[in-house]
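Have a look at the structure below, then the notes.
Only the coordinates and a few stated rules stand behind these numbers; no lab work does. Here the structure is a predicted model, which is why all the values come from computation and not from measurement. Glycine also receives a Cβ, built like all others from the backbone with ideal geometry; neighbour counts cover every protein chain displayed.
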Amino acid sequence: MKTLIKNGTVVNATGTAQADVLIDGETIAAVLAPGSTLLGFDLESNVDTVIDAAGKYVIPGGIDAHTHMEMPFGGTFASDTFKTGTRAAAWGGTTTIVDFVVQYAGENVLDQFALWHEKARGNCAIDYGFHQILSDVQDSSLVAMDELLREGVSSFKLFMAYKGVFLSDDGQIFKAMQKAASNGSMIMMHAENGSVIDVIVQQLVAEGKTDPYFHGISRPWQAEEEATHRAIMLANLTGAPLYVVHVSAKQAVEQIAQARDLGQNVFGETCPQYLYLSLEEQLGATGEQWGSFEGAKWVCSTPLRSRAEGHQSHMWQSLRTNDLQMVSTDHCPFCMKDQKDLGIGDFSKIPNGIGSVEHRVDLMYQGVVAGEITLPRWVELISTTPARMFGLYGKKGVIQPGADGDVVVYDPNGHTSIGVGEGRTHHMNMDYSAWEGFEIDGHVDTVISRGTVVVDDFAYVGTAGHGQYVKRGLSQYLI
Ligand code: DUC
Ligand code: ZN
Ligand code: ZN
């Protein structure tokens, strides 16, 4: 099967070029000047499919490096399965996800890894890799970190919050970091001071402050800044590379930026919700939502932050200056019915998470339209940096000969209305959209995964099981 994408503007992280892209089988075979012949052969009449991308961008498929399909969490399961979640991802121009294998205290890491393979195998519309969550950091978990590296898992997530669920204490974190320093893997950190948050939660609930809004109040930026600083110091002490997930507080960004300026291997990820949404507008700080449970739709951790305090604009700025390097979704969807509503009368029982895997490419493109980031930086953020950060680059994250044929044709003159309402787009398994009403000046037209068209002109034409497990190498940002 040969596909020619002709007349498009190829956008890589390095810049743009008018070029035709030839995909042969599962691989990009050539990137050529428009209308070129190859060894005297006219390309158009020698391929199976021709896609005319005139006036459109041809970009490497999106890589969402932080998703939680069917994750057991908050007394329920994330509502997207690997089947529904990867299909929604494909709809939105994402051709690879990196999901998290969960290990709760007492569970065996390698057993959990095998279990996650069973969940994903045969169900994914696009390629997938895994990070491994570690909670109690048993001796066997440290041994497993070496074994998992051989299996293509080069990053391990720890939590400084959620006592009794995920939380690792500083000694456990220290041990996992020592192992990462010795085998070259990456430590990913949920950086919030969970002990302090638990006290604030108890106090708020005891005072009858149970609306969703108080979720945000219970997780102040100081708890994020402190934990980020502590994680950086522990990483400094051990020499482990550190990747701080879902950064939402500008003060936490400053901690990351300072460490980077001092030459430490520290990286920061934010998510679309921390760029666009706020405590005031979504959780009702201004009062109009008192007594309403609507705000539960946007309960996630780290929480949405105050726009008045300037966190959102600081996140955009940090993406421009590279103080933050990554944008993933932390896709952790829950329905309102029977899931979010577990927290009616007690915000601390609302499952934490927002679903966005379908919309990251579009939402970040809107950053180009708004003048927040450049076109190549868009591609770098949605595809190239995630590939480099998590050991996929070359195969993924770039349009060049030899790379996987993961390609998206994006129409800057198209339009996308996000939401569950009539005429809007939403394919995630949720009964609401956290992005209802968002209007995007652009559209994902065609999505190709390893040479196979999976989304074409407003239709999903992929298959569950097309997606393959990808073994990842070490982060390509580390020497
Ligand atoms: N942290 C995550 O990374 N995902 C879901 C919930 C959370 O707290
Ligand atoms: Zn987290
Ligand atoms: Zn997450």
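With Cα atoms defining each centre, the range 295-360 and the range 421-479 are spaced 19 Å apart in the structure.
The order of Ser301, Ser185, going from fewest to most other C-beta atoms within 10 Å of their C-beta, is Ser301, Ser185.
So for Ile448, Ile344, fewest C-beta neighbours within 10 Å to most, what's the order?
Ascending number of Cβ neighbours within 10 Å: Ile344, Ile448.
Averaging Cα coordinates gives a centre for the range 42-68 and one for the range 139-203; these two points are 38 Å apart. Per residue, the average separation of C-alpha pairs within less than 8 Å and at least 6 apart gives the range 61-389 a relative contact order of 19 percent. Rounded, prolate or oblate: which one fits the range 61-389, using the alpha carbon gyration tensor with axes a ≥ b ≥ c (rounded when a/c is under 1.5, else prolate when a/b beats b/c, else oblate)? Rounded. From the Cα gyration tensor of the range 433-479, with a ≥ b ≥ c the square roots of its eigenvalues, which class applies: rounded if a/c is under 1.5, or else prolate if a/b is larger than b/c, or else oblate? Oblate, because a/c is 1.5 or more while a/b does not exceed b/c. On a 0 to 90° scale, report how tilted helix 311-321 is relative to the longest principal axis of the chain, with both axes built from alpha carbons and the result rounded to the nearest 10. It is inclined by approximately 40 degrees. With a cut-off of 14 Å between beta carbons, the residues surrounding Met186 carry a summed charge of +3, where Lys and Arg count +1 and Asp and Glu -1.
Between helix 194-206 and the chain, what is the angle of the helix's C-alpha long axis to the longest principal axis, kept within 0 to 90° and rounded to the nearest 10? Once rounded, one gets 60 degrees. For Phe100, the amide hydrogen comes within under 5 Å of the amide hydrogens of Thr67, Met69, His131, counting only partners 5 or more places away or on other chains and with H modelled in the peptide plane. Taking the number of Cβ atoms within 10 Å of each Cβ as an exposure proxy, the fewest-first ranking of Asp80, Asp445, Asp146 is Asp146, Asp445, Asp80.
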